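Here is the structure we will look at.
The values are calculated or read from the model by the stated rules, or taken from the named source; none is laboratory data. From a predicted model like this one, the values you see are computed outputs, not experimental measurements. No Cβ is skipped: glycine too gets one built from the backbone with ideal geometry, and neighbour counts run over all protein chains shown. Note: areas computed on protein heavy atoms with side chains; ligands, DNA, RNA excluded. Shrake-Rupley method; radii C 1.70, N 1.55, O 1.52, S 1.80 Å.
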Amino acid sequence: MGLQEYQQGLDRSKDSLNHSAEHLNGNLKGKDILSVRQFDTTTLDCIYSWSQEMAEIAEKGYRADVLSRKILANLFYEPSTRTSSSFTAAMERLGGSVIPINEVVYSSVAKGEDLEDTVRTLEQYADVIVLRHPEMGSAKVAAEAASVPLINAGDGVGEHPTQALLDYVTVRKEQGRVDGLTVTMLGDMKNGRTVHSLARLLSSYDVKLNFVSPEILRMPAEIIDELSAKGVSQSEHEDLAEVLSETDVLYVTRVQKERFDDPAVYESVKGLYVVTPETLQAGKETLTIMHPLPRVGEIAKSVDSYTRNAAYFRQMENGLYVRMTLLAGVLGKLPT
Ligand code: ASP
């Protein structure tokens, strides 16, 4: 490649980044992020491009003042390691700061009062609020009360949109595309908010989705119906072996212990699926293995070094870049 061609390539990618920044600032500024349903494929493309750029920014430290003087309130009513710390890191990498509020004791949000008052308080001090809460629908209640952007970091068994966005970026980076892939989700389809969000997000693409779970942890009917209405090809199974050989991306999840009323029922299903190097023998050589983490035995540790295609730690890293993009987007500050 000649110098001129190389320069033209750089200019083109700079143009497309500027265009993506304008699109995201225009579409996300001042908005809440509550569900993946709010993202069209153009916006997803822009998030993908910017997450690559954010990786450079995080590494090299330029444009590290994009969110200077901006403050994030990180409000967590449920435990979190990755989501909470990656939002903190994302804010700080872009020059902003964080009010961390962890392990809040709550009373039911069904009546809304406490949560609503809390976010009204926090918005006096912060420009954006990230909320994790054990009740489905809580993020919407909080967002209605808040006048600053509110980002859903997991609302019970509902959605986890920022996780689905980082999952999408990971699939695209690892496989080089999304269209045409067969994605198999394994584990707790009923209570896993990450699979609810990811299945919805992928329904905007030409994918085949397989859901593998025990009978009592099947994907909720309303999600199956929603995907069918979008024409997604999907099937449900109890045995991974039925679909492993056709799978491009295996998305493993833990059984969500905290959602079970009866510990005996949890015990009866918790160890049903364990992915080991032996399991993977029946899979494609290019199979990408993902997990939102934490894992509690569903993927044997020996898989980590067994294959380069074990992508769960890269997936987690992508979370930082996606969250940098989203924070800059909702604050209308992606640089052009
Ligand atoms: N960390 C993810 C979540 O918050 C996955 C999990 O906990 O299993 O939903």
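Assorted remarks:
- Residue count, the stretch 182-209 (criterion: surrounded by 23 or more Cβ atoms within 10 Å (Cβ to Cβ) and of a type in the set (S, T, N, Q)): 3
- If you go through the stretch 152-181 and pick out every residue that is more than 15 Å from the ligand (Cβ to nearest atom) and either open to solvent by less than 10 Å² (accessible area, probe 1.4 Å) or out of contact with any strand residue (DSSP E or B) (no Cβ under 8 Å at 6 or more places or on another chain) (or both), you end up with 11.
- Just one of (1) among the charged types (D, E, K, R); (2) over 26 Å from Arg177 (Cβ atoms); (3) out of contact with any Phe, Trp or Tyr (no Cβ under 9 Å at 6 or more places or on another chain) fails for Lys257. It is (3).
- So Ile57, is it away from the ligand (no atom under 16 Å from the Cβ) and modelled with pLDDT of 95 or more: no
- If you go through the stretch 231-260 and keep only what is loosely packed, with under 12 Cβ neighbours inside 10 Å and in a loop (DSSP other than H, G, I, E, B), you end up with Gly231, Asp239.
- Residue within the stretch 79-99 that is part of a strand (DSSP E or B), within 13 Å of the ligand (Cβ to nearest atom) and open to solvent by less than 30 Å² (accessible area, probe 1.4 Å) present: no
- Annotation note: of Asp225, Asp261, Asp239, Asp188, the sole residue that is within 14 Å of the ligand (Cβ to nearest atom) and not aromatic (Phe, Trp, Tyr) is Asp188.
- Given (1) under 24 Å from the mean Cα position of the chain (by Cα); (2) in a loop (DSSP other than H, G, I, E, B); (3) not polar (S, T, N, Q), number of the condition Val303 does not satisfy: (2)
To keep it simple, each residue is scored yes or no on (1) of a type in the set (S, T, N, Q); (2) surrounded by 19 or more Cβ atoms within 10 Å (Cβ to Cβ); (3) free of Cβ contacts under 8 Å to residues at least 12 places away in the same chain; (4) touching a Pro at 6+ places or on another chain (Cβ under 6 Å).
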| site | (1), (2), (3), (4) |
| --- | --- |
| Glu5 | no, no, yes, no |
| Ser16 | yes, no, no, no |
| Ser20 | yes, yes, no, no |
| His23 | no, yes, no, no |
| Ile57 | no, yes, no, no |
| Gly61 | no, no, yes, no |
| Asp65 | no, no, no, no |
